[in-house]
């Protein structure tokens, strides 16, 4: 340990504000960048999934009546 | 390799070579402007303009620092071991300012060849070491009577 | 050999292989970086001249080093884009340019904060600092150019040319301190000489450089995967990956 006490470690003989400001900005930016990268990947996976599900639903909706559709006249009650 | 790719690669390489030559020549032509400061040899050879704001840099000569006891005025010689220039400055010097230490001063050269600075910046070299090692080195070198305390090679100020 | 090279260009192959490396890159990177930083901050001896302010070196040198090596990697990828038209190379350039921008900013910021107590000024227009600022603008330009062009193929080529043009700045940054008078000191690490600092200072520095390198590798993988997913949405393997969670 290069320092005698914890307060000496924080003060760094008067250079503390400079040193700690650098390290704080470094770690904040790195964490923001890493978290942001992971989140944007999760977002794109999610939007893809929703897209595929939407297509699948649409496919179902489009194909389900198509198979059961007939040209038989449907008599809807007019009452 | 496919001939088309080979052709593309040569084009890319030629582009890079031409570009580096162009940039190299430009920076070579502008080297006087890219240099941050004039060194003492240039100033004493008369290469630096008089009464224009310029920067001068060099090593603070050992034993040359004169402090005015009443004001913040300081006078010292800056040297590159072949020529030296007197500098005067009024103000607070950076913490790293010391004899044998590199500095860069901003100011004007007057007609008597004195440099009147309004800003003094400290320059340090690329050597880092713990204080004990520096102290031991200094002791060793003063025992041998060498002037350079830090390293055997001439300082890059 | 060429076959391997072309396989390397396959986004699907990259997706599978990168997923295997990523946990190791992240864990190793964080471990090494934290070891270097804690060692440098708390255990390395102080400098005889600058005292404790020199401890900024343990993040200043890694970020500055990475800022330049990321650009060199981007330039190599740009050559591949222009000559071989490999999609993955272009994906790499687009994925890492923002990382390079942040690293360059961090190098400039930590340098400015370090400069105040040692030199006596936050900023000076010397060759090293100015060429590093140009690197920041180059990264910004690459990102802006990529966003400005909608067509994927023409964007890839334009960006590659810009990256290549900017690569001449790298030797200027590296040798600025030797070619011209600068306030910035020459490099502490040289390939041919021993580092001009004792081992208890350069070992933690080396650790944090390596750690940041690994973290960059991880970041590059995550961001490239994002870009690949975005581009290959319509392919079957992406659909399988998204719905089943594996490639």
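General observations
- The mean number of partner chain beta-carbon atoms within 10 angstrom of a residue's beta-carbon across peptide B:31-37 is 6.
- Pairwise FRET efficiency - residue C:194 versus residue C:17, Cβ, R0 = 41 Å, nearest 0.05: 0.65
- Shape of chain B, Cα gyration tensor, a/c cut at 1.5: oblate
- Treating each Cα of the protein assembly as shown as an identical point scatterer and summing with the Debye formula, the log10 of I(q)/I(0) at q = 0.09, 0.10, 0.12, 0.13 Å⁻¹ comes to -0.75, -0.88, -1.14, -1.26.
- For chain C, the Cα gyration tensor yields ellipsoid semi-axes of 36, 22, 15 Å (square root of five times each eigenvalue, largest first, whole Å).
- Sorting the segments C:206-218, B:41-53 by their residues' average number of neighbouring beta-carbon atoms within 10 angstrom, most packed first, yields C:206-218, B:41-53.
- Averaged over peptide C:172-181, the number of partner chain Cβ atoms lying within 10 Å of each residue's Cβ comes to 4.
- Among B:29-38, C:68-77, the order from most to least packed when residues are scored by Cβ within 10 Å on average: C:68-77, B:29-38
- Between helix B:131-144 and chain B: long-axis angle, C-alpha atoms, 0 to 90°, nearest 10: 70
- Between residue C:69 and residue B:82, the FRET efficiency estimated from the beta carbon spacing at R0 = 35 angstrom works out to 0.35.
- In a fully extended conformation the segment linking residue B:45 and residue B:33 would gain 2.5 nm over its present Cα-Cα distance, using 0.36 nm per residue.
- Relative contact order (%) - criterion: Cα under 8 Å, at least six apart; region: chain C: 33
- In chain C, the longest principal axis of the Cα atoms and the axis of helix C:199-231 are about 20 degrees apart.
- Secondary-structure-derived ellipticity at 222 nm for chain B, considering helices only, amounts to -10000 deg cm²/dmol, per-run term -39500 (n - 2.57) for DSSP H runs with n ≥ 4.
- Here each label is just a point 7 Å from Cα along the line to Cβ, and for residue C:161 and residue B:73 those points are 6.2 nm apart.
- Whole-Å distance, taken between Cα centres, linking segment C:175-220 and segment B:1-55: 24
- Over chain C: helical MRE at 222 nm, DSSP H runs n ≥ 4 each giving -39500 (n - 2.57), nearest 500: -26000 deg cm²/dmol
- Cβ-Cβ FRET estimate between residue B:111 and residue C:244, R0 fixed at 60 Å, reported to 0.05: 0.10
- Placing pseudo-labels 7 Å out from each Cα toward the beta carbon at residue B:16 and residue B:95 gives an inter-label distance of 4.4 nm.
- Reducing segment C:80-154 and segment A:1-32 to their Cα centroids gives an inter-centroid distance of 26 Å.
- Label-to-label distance, residue C:235 versus residue C:35, with points set 7 angstrom from Cα along the beta-carbon direction: 3.7 nm.
- Cα gyration tensor category, rounded, prolate or oblate, for segment C:1-136 with a/c compared to 1.5: oblate
The numbers here are math on the coordinates, done by the rules we state, and not lab data. Worth saying up front: this structure is predicted, and the values here are computed from it rather than measured. Ideal geometry is used to build each Cβ from the backbone, glycine not excepted, and the neighbour counts take in all protein chains shown.
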